[in-house]
Amino acid sequence: MELTAERRKETGAFYTPYRWAELAMYYVERIVPDCGGYRWRDRPFVFYDPAAGEGALLAAANDHYGGCLTAGTTLEAEDVAILRGKGVVIAGQSDFLSDKPIRGIVPAPVMAAAMESRLVVLTNPPFEDAPAGRYEGMRRRYGTANKTELFISRILHELRPVLLCSFSKLGVLTGARNGAWRRATGLMDRIVPGGCFVCRSRTWPGLRGDFPILFACYSGIPGCEGETRRSITVDVWERPPEELTILREMN
Ligand SMILES: C[S@@+](CC[C@H](N)C(=O)[O-])C[C@H]1O[C@@H](n2cnc3c(N)ncnc32)[C@H](O)[C@@H]1O
């Protein structure tokens with residue numbers, strides 16, 4: 001959807017390049033058999049993106065898994081038609097950070113899939129901080145003003161999917177500012193080994209600067225109290241996605 005530069009910045013509407021979305025699906029496929037014994041073919045997952053935008057991630061899930069159930073909600077009403085046009089089965093407009101209870105935000109079949117341990121959240125939430133006075137309820141609840149962190153907290157604590165697979169800035173794992181939030185979320189302990197990669201923001205059209213963008217898969221099942229894991233292993237993809245042989249081999 002066409003947005004002014006100001007609106008794009010305000011809502012973090014920088015869409016995932018399709019090739020990176022495809023690579024993300026390669027990582028999801030790689031780790032799913034290890035996720036508590038859930039088997040894709042026996043118990044089909046529902047893929048849900050609560051910041052779906054134009055649906056790059058859900059389109060990649062659909063292409064990869066062929067006809068899986070995809071669901072997306074997003075802030076801009078105009079994006080909903082685009083999601084439907086891309087074959088997203090359940091598409092709607094909602095503000096994921098609003099003070100409404102989660103059941104008033106997320107479509108009922110998505111809530112049902114979460115209850116049945118069949119929900120995978122696949123997302124790339126906005127990266128910026130909420131401006132002063134916005135999302136006060138969520139900020140108080142989760143002790144952060146950063147929108148990515150608010151999305152991650154709400155997904156893990158209120159929606160409780162089997163897996164959360166998310167792009168974000170690398171700082172969600174490495175920042176000094178957000179250590180207390182990270183420990184409260186148990187984020188490091190939730191990381192599923194083999195499900196992480198880093199790429200460069202300069203390979204994302206529209207993003208300014210050159211910073212690392214992380215894709216990581218987090219278990220919906222909390223780890224132990226406190227943070228026990230001190231390090232993780234990630235693949236680093238330095239080149240633009242068009243140059244990756246791994247993607248050529250997938251197609
Ligand atoms: C970084 S873009 C990613 C879009 C898509 N998931 C992708 O990967 O291309 C973030 C999207 O979240 C939407 N968004 C921003 N704030 C939101 C909110 N509070 N609730 C739901 N969607 C929101 C934006 O409109 C934008 O489409």
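Where a number appears in this text, it was derived from the coordinates with a stated rule and is not lab data. Small disclaimer: the values here were computed from a predicted structure and weren't measured. Here the Cβ is made from the backbone with ideal geometry for all residues, glycine too, and neighbour counts use every protein chain on show.
Below are the figures for this structure:
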{"read-out": "Sparse-neighbourhood loop sites, GluC sites (Glu not before Pro) in the range 173-246 - DSSP loop, at most 16 other Cβ within 10 angstrom", "value": "Glu225, Glu227, Glu238"}
{"read-out": "Per DSSP, loop trypsin sites (Lys or Arg not before Pro) in the range 154-201 with at most 14 further Cβ within 10 Å", "value": "Arg177"}
{"read-out": "Helical mean residue ellipticity (222 nm; -39500 (n - 2.57) per DSSP H run of 4+; nearest 500) of the chain", "value": "-9000 deg cm²/dmol"}
{"read-out": "Dipole magnitude (debye, nearest 20) for the chain, charges at Cβ of Lys, Arg, Asp, Glu", "value": "540"}
{"read-out": "Set of aspartates and glutamates with alpha-carbon distance to Lys9 below 15 Å, sequence-local pairs under 8 removed", "value": "Glu76, Glu128, Asp129"}
{"read-out": "Point-to-point label distance, Ser98-His157, nm (Cα→Cβ direction, 7 Å offset)", "value": "2.1"}
{"read-out": "Antiparallel DSSP beta bridges within the chain, as percent of all bridges there, nearest 5", "value": "40"}
